[in-house]
Every structure is written in structure tokens, then in C-alpha cells.
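So the structure is just underneath, and the comments pick up after that.
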Amino acid sequence: MLANLSDIDLKMLRIFCSIVEAGGFTAAQVPLNTSLPRLSVTVRDLETRLGYTLCRRGKGGFQLTEQGAQVYAAAQELYADMERFRQRLVLLNAHHPETLRVGSLDNLITLQPAPLPYALGKLREAIPDTRLVLQVLTAEGLEQAVINGDLDLAIGVFDHQLSGLHYLTLFDEEQNLYCGQGHPMFGRADSTLSDADIFTAQYVDRGLVVENRKPFTFPFNSVSSALSTEAVASLVASGHFIGYLPTHYAEVLVARGVLRPIWPARFAYQATCHCITRQGASYSRSMEVFISALRAAAALASHA
């Protein structure tokens, strides 16, 4: 039975909540970057500490017990209380500036008009002394950082919507398939390319998230994987791979003759960017101003 609450208990509790929000152990492996056996051990250790079973897993799928559902609900209250506590401590010092921790996927700056710089600028104008902390992470990293309270909000393209997060739709980002100079398809017209040409070419994928956001399934010959736009662009620019890149990011490389799009009418698609915050979290004035500016920037981007 739990007699006191240690840092290890809080860590195990956060992992348990992440598993619940992902819908089960298997689905939680990617966002937590942890193996299935390790997740099982963590939950079993937490159950031992508490003295009762939190969930059942088997052929019937993942299911919370009555106690597990109550523990999850209590944890949400705990996290909300901790956030309110943190904000009260900040407000005790009237001269202490707010800190806003923002996460983002890489290379959104080439999207015009650029929503993130626009929102950052508006926040600076409204609350000049806000301390800004900006991190660039993978989609899974952004979700986990917001859930854990390491980030106040994040902007990205997300494969699924976790129950512990609120997703605000911002804008669509066009993605195109590209090859680089020196690739066998680089100098050929789209009309001359066969399915065999395209689907036997060595393909670099952007990882689980972006791949699953495509509204179709093509049998690409995936031989490599990258977790950032810059990494995909480097592989494609080598002349040995094809891969998807945001159109706004690739335009300058296309203009330089480094890359060329492959059959946009067939292979292009739209990926939706969201701003995520933790459900139940209290919004500071900085967060309110920043999210309002993001909405305005997204509206401008959609009409650009």
C-alpha cells in the first residue's frame, strides 16, 4: 500500500497515464520511446506499490479496472493542481516574468506567412518580458513533452489524437514527393515514369507519423528512415533516394536545381498542423496571447 509519494512513483504514474491516453501498451511504445516489456514492468511495479490492479490486457484488449480509472482521474487532478501551484509561485513575485515553453516540428519557418515567427512576434509586442523557451522535436516527442508538462504547447503534424491532449487545427501543409539531381528519374518527364520506376526506387520515409498521415497507400520501396525534414532532404539530395518534403521547404532547392517534384498531381497530399496543449491545463496570459496569434497566423496562411 502506498504510504508516501516519491519521484519514482510520480514517474511511474505519468507512464501509466500515457499508456491510458495512447489506448494501450503497444500504442504507447512509440510516444514513450520505451519497449513493451519495460512498460509492463513499470505498470506492474506501480500496481505493487498501490496494492491493486490498474488495468487488464489480453485478447479482449486494454481495459482499465475501476481502480485504474479512478487513479487516472486523480492523476489528472494532481497535474492540474501542480500547474496551478507553479503559476501561483510565479505570481508571488510581481517582477518575475512568465516563461512560455513552445515546441515545434522542424523547418516550419519557410511556410509563408510563417505562423510560428508571427505568433512569437505578437507575443513579444504584447508581453515583452515573457521568457521564451523554444524546442524542436519529433511529433512523438512534442506530444510526450506536453503530456509530461515539459512544454506548455507544441505545433506539429500528429498521426493520432491522444485523449490527454487538446488539438487545435491550424493549417494544412502540402507535401510532395521529390528526387535529387543525379537520380535516374531527375531528368525524365512525369508522363514517362511507370509504377515500376517509382515503386522500385529507394524511398526514405519520415517515420510513422508522417507516413500514416498520407491519405493513400503506395507500395514505396522503403529502405531508409529519417525523423526530420533536413535529414530527408539530405538523403534525397544525394541522388539515391526519393522522399516526401514540405513543398514550401523544398521550393528553394527546386529553384537551385538540387531537387525536382515527382508527379505532384498524383503524389502530393495535405498534412494538417495542430497546436496541442494538455487537457485541463490553466492558460497563462502568455499562452492565451500566443494561441490567439497562432489562430490569426493560421488564417493568414490559409488565404496565402
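Taken together, the values in this text are just the output of simple stated rules run on the coordinates, not laboratory data. A quick note: this is a predicted structure, and the numbers were derived from the prediction, not measured. Glycine also receives a Cβ, built like all others from the backbone with ideal geometry; neighbour counts cover every protein chain displayed.
Could you give the DSSP H helices of the chain that reach 20 angstrom or more along their long axis (alpha carbon positions) and whose average Kyte-Doolittle hydropathy is no lower than -0.5?
7-22, 36-50, 66-92, 285-302
Taking a ≥ b ≥ c as the square roots of the Cα gyration tensor eigenvalues, with a/c under 1.5 meaning rounded and otherwise prolate when a/b beats b/c, else oblate, which class fits the chain?
oblate
Highest GNM mean-square fluctuation, the chain, Cα pairs closer than 10 Å: which of Leu177, Leu134, Leu294?
The residue with the greatest mean-square fluctuation here is Leu134.
Would you mind putting 226-234, 249-257, 33-41 in packing order, based on average other-beta-carbon counts within 10 Å, highest first? Display every interim value, and only then the final one.
Working: 226-234: 18.7, 249-257: 15.1, 33-41: 13.1.
Per-residue Cβ counts within 10 Å, averaged per peptide and sorted highest first, yield 226-234, 249-257, 33-41.
For the chain, what does -39500 (n - 2.57) per DSSP helix run (n ≥ 4), summed and divided by total residues, give at 222 nm, in deg cm²/dmol to the nearest 500?
-14000 deg cm²/dmol
Rank the residues Arg84, Arg49 as a footprinting-exposure proxy: fewest other Cβ atoms within 10 Å of their Cβ go first.
Arg84, Arg49
What are the ³J(HN,Hα) couplings of the range 268-277, residue after residue, when phi is run through the Karplus curve with 6.51, -1.76, 1.60 and θ = phi - 60°? Round to Hz, x for glycine and proline.
Values per residue, Gly and Pro as x: 6, 8, 9, 10, 8, 8, 10, 9, 10, 9 Hz.
Between Pro115, Pro261, Pro184, which gets the highest mean-square fluctuation from a Gaussian network model of the chain, Cα cutoff 10 Å?
Fluctuation is largest for Pro184.
Which of Leu89, Leu108, Ala119 sits farthest toward the positive end of the charge dipole of the range 25-133, with +1 on the Cβ of Lys and Arg and -1 on the Cβ of Asp and Glu?
It is Leu108, whose Cα lies furthest towards the positive end.
Hey, what's the per residue convex hull volume over the C-alpha atoms of the range 172-271, in cubic angstrom?
Cα-based convex hull of the range 172-271, divided per residue, equals 91 Å³.
Starting from the amide H of Ile242, placed 1.01 Å from N in the peptide plane, find each other amide H under 5 Å away whose residue is 5 or more places distant or on another chain.
The list, which skips near neighbours in sequence, is Gln202, Tyr203, Val204.
When the chain is treated as a GNM, springs tying every alpha-carbon pair under 10 Å, which of Ile198, Ile276, Ile262 comes out with the largest mean-square fluctuation?
Maximum among the listed residues: Ile198.
Give, as a single signed number, the net charge of other residues whose beta carbon lies under 15 Å from the beta carbon of Thr26, with Lys and Arg counted +1 and Asp and Glu -1.
Overall, the nearby charge balance is +1.
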